[in-house]
1. Spin-label point model (7 Å from Cα, Cβ direction): what's the Gln118 to Ser25 distance in nm?
2. Please give the charge dipole size of the chain, origin at the Cα centre, charges +1 on K and R Cβ atoms and -1 on D and E Cβ atoms. Round to the nearest 20 debye.
3. Mind listing which GluC sites (Glu not before Pro) in segment 1-103 are in a DSSP loop and have 11 or fewer other Cβ atoms within 10 Å?
4. Going Cα to Cα from Lys87, which aspartates and glutamates come in below 17 Å? Please leave out same-chain ones fewer than 8 positions away.
5. For the chain, which whole-number percentage of the solvent-accessible area (1.4 Å probe, protein heavy atoms only) is attributable to carbon and sulfur atoms?
6. Report the residue, chosen from Pro41, Pro88, Pro109, that carries the largest GNM mean-square fluctuation when the chain is represented by alpha-carbon nodes joined by springs under 10 Å.
7. Cut-off 10 angstrom, C-alpha nodes, Gaussian network model of the chain. Which of Arg19, Arg27, Arg38 fluctuates the most?
8. Of Lys76, Lys87, which has the most accessible area and how do the rest follow, probe 1.4 Å?
Amino acid sequence: QVQLIESGGGLVQTGGSLRLSCAASGRTLSSYAMGWFRQAPGKEREFVAAIDRNSDLKLYADSMKGRFTISRDNAKNTVNLQMNTLKPEDTAVYYCNFSPTIWAIQASPAGSWGQGTQVTVSP
């Protein structure tokens with residue numbers, strides 16, 4: 001079973017930056033699309049960004065475009081999320097997941113959810 005471990009969260013001020021990382025163990029995910037999701041208090045989990053297996057295609061939720069950048073390192077079995085110009089509404093627990101294709105990851109992430117990493121953006 002694949003284990004996903006997210007890290008890099010923290011407390012930042014509005015306009016600040018954070019870089020999240022997700023390490024996968026138990027299976028090599030180089031042939032899978034990978035992505036990030038987030039869940040704010042009292043809200044459903046939502047899609048943030050995804051990247052295909054070769055890093056040729058990247059998808060972002062509209063509110064993240066231009067501020068967040070997803071990347072991956074297949075040799076390390078990791079996916080990263082660089083978050084810039086953070087806003088208080090970005091406060092959430094951030095999770096990673098994977099899927100056979102980038103087109104399926106939003107609706108059908110294949111892995112079990114990890115613990116996530118908390119991102120808090122102060123006004």
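The values are calculated or read from the model by the stated rules, or taken from the named source; none is laboratory data. Note that the structure is predicted; figures quoted are calculated from it, not measured. Positions of Cβ are backbone-derived with ideal geometry, glycine not excepted, and every protein chain shown enters the neighbour counts. Keep in mind that these areas ignore ligands, DNA and RNA; they rest on the heavy atoms of the full protein, side chains included. Shrake-Rupley method; radii C 1.70, N 1.55, O 1.52, S 1.80 Å.
1. For Gln118 paired with Ser25, the spin-label model returns 2.3 nm.
2. Values: 12 positive and 9 negative charges, 29 e Å.
The calculation lands at about 140 debye.
3. On the way: sites: Glu6, Glu44, Glu46, Glu89; in loops: Glu44.
The qualifying sites are Glu44.
4. Excluding near neighbours in sequence, the set is Glu46, Asp62.
5. On the way: 2910 of 6230 Å².
C and S fraction of accessible area: 47 percent.
6. Between Pro41, Pro88, Pro109, it is Pro41 that shows the largest mean-square fluctuation.
7. Result: Arg27 has the largest fluctuation of those listed.
8. Details: Lys76 145, Lys87 80 Å².
Correct descending sequence by accessible area is Lys76, Lys87.
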